[in-house]
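A short worksheet on the structure shown next.
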Ligand SMILES: Cc1ncc(COP(=O)(O)O)c(C=O)c1O
């Protein structure tokens with residue numbers, strides 16, 4: 001099997017290219033390999049599609065979900081197609097708390113909210129807005145190496161380590177995160193508004209001015 005994240009989270013918001021993911025799908029098909037996509041960070045609407053593989057016109061054989069799946073309640077899952085699922089029978093894939101009814105109800109409610117409250121559309125629209133605003137900052141500050149993202153899964157790569165920027169933003173009431181040392185990572189809740197994005201941009205601008 002080949003397993004990958006279509007948009008790498010901890011790896012620094014690296015977005016799989018269209019040809020790359022299509023090529024991997026072809027490689028799996030030609031060699032009878034399973035394609036397993038980890039959608040734990042990039043799934044559930046975050047990238048502006050329910051699952052990020054939908055941007056690529058391919059389908060995985062197996063997919064993993066967790067994090068936002070339960071809207072904050074702990075749950076993780078593996079989803080597969082009938083052909084592969086038929087190899088499993090109840091108990092094969094056991095887990096102490098697996099199949100917990102409360103967690104499953106929370107996941108159903110979270111999925112309903114994502115769909116009914118049009119949070120996927122919000123992720124796409126506000127995400128594009130956020131990326132454009134960050135690119136505006138990139139024009140102003142030459143130490144910003146790149147801005148990349150899909151929907152509300154966005155990274156800004158700096159020429160230096162980002163931990164001081166994270167601390168300074170926190171002091172101003174903005175919680176951001178830094179991964180692989182130099183990539184500021186923005187993964188706000190899917191309900192985030194353009195006004196809230198503006199506040200983040202203003203804060204970053206203030207912090208960057210004093211670098
Ligand atoms: C992309 C990705 N896959 C897997 C995991 C692990 O998920 P869990 O802690 O639900 O097992 C994480 C957690 O950070 C993750 O970001």
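Throughout, read-outs are computed from the coordinates displayed, never taken from laboratory work. Computed from a predicted model, the values in this text were never measured in an experiment. Backbone-built Cβ (ideal geometry, glycine too); neighbour counts: all protein chains shown.
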For 52, 142, 68, 105, what ranking results if the residue with the fewest other Cβ atoms within 10 Å of its Cβ goes first? 142, 105, 68, 52
Using a Förster radius of 35 Å, what is the FRET efficiency between residue 26 and residue 172 based on their Cβ-Cβ separation? Nearest 0.05, please. 0.15
Fewest-first sequence of 67, 118 by Cβ atoms within 10 Å of each Cβ: 118, 67
The chain - percent relative contact order, Cα under 8 Å, separation 6 or more: 19
Hey, how many Å between the Cα centroid of region 122-193 and the Cα centroid of region 1-72? 22
Suppose R0 equals 22 Å. What FRET efficiency, 1/(1 + (r/R0)^6) with r the Cβ-Cβ distance, do residue 180 and residue 141 give to the nearest 0.05? 0.70
Between the Cα axis of helix 101-116 and the main Cα principal axis of the chain, the angle (0 to 90°, nearest 10) is 60
53, 87 arranged by Cβ crowding within 10 Å, fewest neighbours leading: 87, 53
So in the chain, what percent of DSSP beta bridges are antiparallel if you round to the nearest 5? 75
Does region 119-209 come out rounded, prolate or oblate by the C-alpha gyration tensor, with a ≥ b ≥ c the root eigenvalues, rounded set by a/c under 1.5 and, if not, prolate when a/b is larger than b/c and oblate if not? prolate
222 nm [θ] for the chain, helices only, -39500 (n - 2.57) per DSSP H run of 4+, per residue, to 500? -12000 deg cm²/dmol
If a/c stays under 1.5 just call it rounded; otherwise compare a/b with b/c (prolate if a/b is bigger, oblate if not). Do that for region 106-171, with a ≥ b ≥ c from the square roots of the Cα gyration tensor eigenvalues. prolate
Please check: in the Gaussian network model of the chain (C-alpha springs, under 10 Å), which one of 47, 80, 179 has the largest mean-square fluctuation. 80
Under the rule a/c < 1.5 gives rounded, and otherwise a/b versus b/c splits prolate from oblate, where does region 10-113 land using the Cα gyration tensor? oblate
Please list, by residue number, everything in region 60-97 whose backbone N is under 14 Å from a paramagnetic label point 7 Å out along Cα→Cβ of residue 118. none
Across all directions of projection, what mean area in square nanometres is found for the Cα convex hull of the chain? 13.2
Between the modelled labels at residue 109 and residue 10 (7 Å from Cα along Cα→Cβ) the distance in nm is 2.9
